[in-house]
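Q: Sharing a structure below in structure tokens format, with a few things to ask.
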Amino acid sequence: MIKITFPDGAVREYPYGSTALDVAKSISEGLARKVLAANINGQVWDATRPIPTDATLKLLTWDDTEGKSTFWHSSAHLMAEAIESMYPGVKFWVGPATENPPGFYYDMDLGGHQISDEDLRKLETKMAELAKQQSAYQRKDISKAEAVGYFTQKGDEYKLDLLGNLQDGEITFYTQGQFTDLCRGPHIPHTGFIKAVKLTNIAGAYWKGDEKNKQLTRIYGITFPAKKDLEEYEALQEEARKRDHRKLGKELGIFTFDDQVGPGLPLWMPNGGIVIEELEKLAKESEDKAGYKRVVTPHIAKESLYLTSGHLPYYQDSMYPPMELEGVKYYLKAMNCPHHHKIFDAEPKSYKDLPYRLAEYGTCYRYEQSGELFGLMRVRCLHMNDAHIYCTKEQFYEEFKAVNEMYLKYFKIFGVEKYVMRLSLHDPAKLGKKYVDEPELWKETEALVRDVLIRTNTPFKEVADEAAFYGPKIDVQIWSTIGREFTLATNQVDFAQGRRFKLTFTNKDNQAETPLIIHRAPLGTHERFIGFLLEHYAGKFPVWLAPLQVKILPISDKSMEYAQTLLDSLKNADIRAEVDDRSEKIGKKIRDTELAKVPYMLVIGEKEMQEGKVAVRRQGKGDLGVKSIDEFILDVRKEIKERTPNP
RNA sequence: GCCGUUGUAGCUCAGGGGUAGAGCACUUCCUUGGUAAGGAAGAGGUCGAGAGUUCAAUUCUCUUCAACGGCUCCA
């Protein structure tokens with residue numbers, strides 16, 4: 001007998017050789033029908049595989065993340081079976097479940113075959129057929145020699161490559177129906193669980209993610225245990241499309257692109273201009289309070305500046321090519337730091353001047369690869385909420401902490417609840433290549449940053465080989481409401497550029513010392529941040545950010561004059577307002593204003609005119625009742641001043 | 001940069017080898033209506049750009065530009 005401990009602490013005994021499915025059946029048949037896999041002593045395990053020892057056991061269903069990923073991984077095998085049956089000779093690489101986007105993919109070498117979107121529909125049908133056969137996913141231990149023999153005979157160099165990294169004794173095959181794959185598992189009991197299939201797209205993917213390698217075909221898909229789940233998923237996708245910042249940005253007159261201006265070069269329209277101004281106002285206020293000094297620097301500089309900074313050798317490919325004037329090369333700036341360093345260096349500094357904080361909403365140009373451009377999220381002209389803090393090692397803790405606090409303050413204002421701070425470290429193997437060759441300084445600086453995160457109880461995760469060339473950084477990841485992940489900003493420590501620019505300050509001992517530099521950009525760039533905000537708010541900006549804050553809707557021409565006096569009052573109170581003076585009925589005016597996502601509507605007719613009041617309507621909330629215009633102005637001004645989030 | 005898809009009016013989209021269509025938006029007129037679409041008329045397109053095939057190309061072929069879905073990259 002083996003002892004099974006359940007999540008609630010209960011312990012039961014089962015005969016040796018029992019499976020998770022047997023355990024489920026002993027509880028209820030209904031449960032057994034839902035079990036996809038099991039977590040056994042922390043390891044995900046086939047539901048149909050005997051439990052080897054006493055164990056803690058959690059049955060996994062569709063409601064568990066691990067259940068879903070097992071389901072999707074098995075779906076990838078099902079898709080491979082369908083593909084192999086329709087396109088014999090296709091060679092498969094790997095087919096994992098994915099979290100974002102949810103579902104799975106399988107990479108394959110199609111040989112001479114070509115697969116189109118219509119073929120995906122045929123494949124879906126084939127998968128549905130195969131699923132109906134309820135083929136079991138059968139696990140088999142196999143010797144390395146036997147496995148190598150199998151794939152050699154199949155002529156599959158990809159699986160042979162995978163086998164190369166595996167030891168004899170840890171190799172397993174899984175077979176369902178006619179399809180056998182090298183796989184460590186686990187899998188769901190049989191294909192019959194898969195009730196709804198959607199193959200979402202075909203894409204190219206470099207083998208092993210290396211662009212020097214051959215490009216394989218990747219097919220993405222998603223599957224569900226019930227048809228209605230697929231319908232829900234598709235409805236969600238439709239919602240996400242409506243919230244896409246590219247669609248909203250166009251509808252709301254925030255930004256546009258023009259072929260003749262160029263790819264990745266957004267044109268900010270009047271409404272976008274207002275959002276930008278409001279964000280800059282916010283940045284200026286908080287930076288003023290935090291002791292930053294504002295500067296303005298040119299958009300171009302001589303080549304020698306970027307040779308000194310060290311950027312050029314690392315990033316030349318993603319800078320616009322230089323223009324040559326009077327025999328000298330000039331580059332459009334892709335970053336603001338070198339300009340700021342020169343401002344630091346323009347006047348001698350004493351330790352009494354530190355921390356010295358320079359801020360600029362700097363315009364930068366980066367020649368991003370054409371395939372990388374994506375709405376406002378990846379562009380070639382960007383406006384960075386940039387600042388550089390020059391400080392001593394002793395000041396570092398307080399400075400870095402203050403920067404993190406600024407992030408958190410902004411998150412609160414914008415209602416960002418889910419975020420992760422990622423500590424990006426260097427890879428010692430790449431010193432001198434990807435990273436400045438200063439092993440000791442790397443260790444020291446990384447420890448400094450980690451120390452701040454730990455001492456301030458900031459949750460973070462560490463990732464290797466993601467640092468900037470001049471120092472470790474913190475990447476702040478956030479998610480828009482439609483699940484899109486953003487690297488909002490990077491927050492970096494730089495021990496290299498100070499030396500390269502020979503920046504110094506005179507310390508207490510009258511010695512020249514090099515400052516540490518913190519690069520920070522809590523609001524990232526206007527482009528990415530406004531893109532995020534559009535999706536985050538679904539285009540419904542809070543009042544302080546809304547391009548148009550109040551729309552006055554006269555019921556008829558009779559109240560038009562009153563509307564004009566209201567407009568004057570609102571404008572005098574610095575509230576962005578307009579009058580809808582079209583000869584439309586009030587229902588139409590309300591509808592159009594609702595769709596334009598204007599936060600406040602003032603409906604006025606003869607009644608309001610006589611009483612000297614306004615009938616207030618809130619976007620998405622409906623009629624809020626009648627107020628005096630003074631009272632309304634007071635309320636709205638308060639909302640703007642406090643940057644109140646949407647109700 | 002690579003693989004794939006798409007490109008018709010301001011927007012959403014239909015069409016298809018023989019001089020281009022709808023709805024919404026826009027303009028004008030009628031209507032002055034109390035909380036999510038009043039009515040009529042009108043204007044609007046080098047069918048992304050260039051070349052080729054053809055008597056004839058928006059439609060077929062090639063090239064190119066751009067956008068989109070991925071891969072690679074991201075100071």
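Q: Stokes-Einstein D for chain A at 25 °C, 0.890 mPa s, Kirkwood Rh over Cα pairs, in µm²/s?
A: 84
Q: Could you check how much of the accessible area of chain A is carbon and sulfur, as a whole percent, using a 1.4 Å probe?
A: With neighbouring chains kept in place, the figure for chain A is 49 percent.
Q: Could you give the dipole magnitude of region A:550-641 about its Cα centre, charging the beta-carbon of Lys and Arg +1 and that of Asp and Glu -1, in debye to the nearest 20?
A: The calculated dipole for region A:550-641 is roughly 400 debye.
Q: Continuing with the same structure: At a probe radius of 1.4 Å, what is the per-residue accessible area of residue A:560, in Å² to the nearest 10?
A: Here the accessible area works out near 40 Å².
Q: With the Cα gyration tensor of region A:141-250 in hand, convert its eigenvalues to equivalent ellipsoid semi-axes via √(5λ) and list them largest first in whole Å.
A: Ellipsoid half-lengths, sorted descending, are 36, 22, 11 Å.
Q: Hey, another quick one. Under a Cβ-only charge scheme (Lys and Arg +1, Asp and Glu -1), can you give me the dipole magnitude of region A:2-61 about the Cα centre, in debye to the nearest 20?
A: It works out to roughly 120 debye.
Q: If we sort A:31-37, A:367-373 on the protection proxy, mean other Cβ atoms within 10 Å, highest first, what's the order?
A: A:31-37, A:367-373
Q: In nm, to one decimal, how far is the residue A:133 label point from the residue A:568 one, both placed 7 Å along Cα→Cβ?
A: Going from the residue A:133 label point to the residue A:568 one covers 8.2 nm.
Q: Take the Cα radius of gyration of region A:550-641 and divide it by 2.2 N^0.38 Å, with N its residue count; two decimals is plenty.
A: 0.97
Q: Heavy atoms only, probe 1.4 angstrom, no DNA, RNA or ligands counted: give me A:323, A:1, A:79 ranked by accessible area, highest first.
A: A:1, A:323, A:79
Q: Tell me the angle of helix A:526-536 to the major Cα principal axis of chain A, expressed in degrees between 0 and 90 and rounded to the nearest ten.
A: For A:526-536 against chain A, the angle is about 70 degrees.
Q: Taking each pair of distinct Cα atoms in region A:493-607 once, what is the resulting Kirkwood hydrodynamic radius in Å?
A: Taking the inverse mean of 1/r over all distinct Cα pairs, region A:493-607 comes out at 18.4 Å.
Q: A further question on this structure: In region A:2-61, how does Rg compare with the Kirkwood Rh, expressed as the Rg/Rh ratio over alpha carbon atoms?
A: 0.90
Q: Now for a separate question. For chain A, find the longest principal axis of its Cα atoms and tell me its angle to the long axis of helix A:560-572, 0 to 90°, nearest 10.
A: 90
Q: Just the number please: accessible area per residue for chain A, 1.4 Å probe, all protein chains included, in Å².
A: Result: 48 Å² of accessible area for each residue.
Q: Something else about it: Would you mind checking the tilt of helix A:227-243 against the longest principal axis of the Cα atoms of chain A, expressed as 0 to 90 degrees and rounded to 10?
A: The answer is roughly 20 degrees.
Q: If you don't mind, there's one more thing I want to ask. So, by mean Cβ neighbours within 10 angstrom, what's the order for A:250-256, A:207-213, A:418-424 with the highest one leading?
A: Peptide ranking by packing, descending: A:250-256, A:418-424, A:207-213.
Q: Taking the Cα centre as origin and putting +1 on Lys and Arg beta-carbons and -1 on Asp and Glu beta-carbons, what dipole magnitude results for chain A, to the nearest 20 debye?
A: 600
Q: Largest first, what is the accessible-area ranking of A:40, A:454 with a 1.4 Å probe?
A: A:454, A:40
Q: With an 8 Å Cα cut-off and a minimum separation of 6 or more residues, compute the relative contact order for region A:489-647 in percent.
A: Contact order relative to length: 20 percent.
Q: Could I ask something else about it? Could the peptides A:225-235, A:467-477 be put in order, highest first, of the mean number of other beta-carbon atoms found within 10 Å of their residues?
A: The densest-packed peptide leads the list: A:467-477, A:225-235.
Q: Which order do you get for A:410, A:315 if you rank them by accessible area with a 1.4 Å probe, largest at the top?
A: Final ranking, largest accessible area leading: A:315, A:410.
Q: Find how much the distance from residue A:350 to residue A:330 grows on full extension, using 0.36 nm per residue of separation minus their present alpha carbon separation; answer in nm with one decimal.
A: Working it through step by step, the gained length comes to 4.0 nm.
Q: At a temperature of 37 °C and a viscosity of 0.692 mPa s, determine how fast region A:255-536 diffuses translationally according to Stokes-Einstein, using the Kirkwood radius over alpha-carbon pairs as Rh; express D in µm²/s, rounded to the nearest whole number.
A: 167
Q: Sticking with this one: So, how do all the Cα-to-Cα distances of region A:66-236 break down into 10 Å bins, in percent, from 0 on up?
A: The distribution over region A:66-236 is 10, 39, 38, 12, 1, given as percents.
Q: Could I ask something else about it? Starting from one equal scatterer on each C-alpha and no solvent at all, send me the Debye-based log10 I(q)/I(0) for region A:208-355 at q = 0.10 Å⁻¹, two decimals.
A: So the normalised log intensities are -0.74.
Q: Which FRET efficiency value, to the nearest 0.05, do you get for residue A:303 and residue A:228 by plugging their Cβ-Cβ distance into 1/(1 + (r/R0)^6) with R0 = 60 Å?
A: Efficiency at R0 = 60 Å is approximately 0.45.
The values are calculated or read from the model by the stated rules, or taken from the named source; none is laboratory data. Remember, predicted model here, so these are calculated numbers, not experimental data. Neighbour counts are summed over all protein chains in view; Cβ atoms, including those assigned to glycine, are modelled from backbone coordinates with ideal geometry. Only protein heavy atoms, including side chains, enter the accessible area calculation; ligands, DNA and RNA are left aside. Shrake-Rupley method; radii C 1.70, N 1.55, O 1.52, S 1.80 Å.
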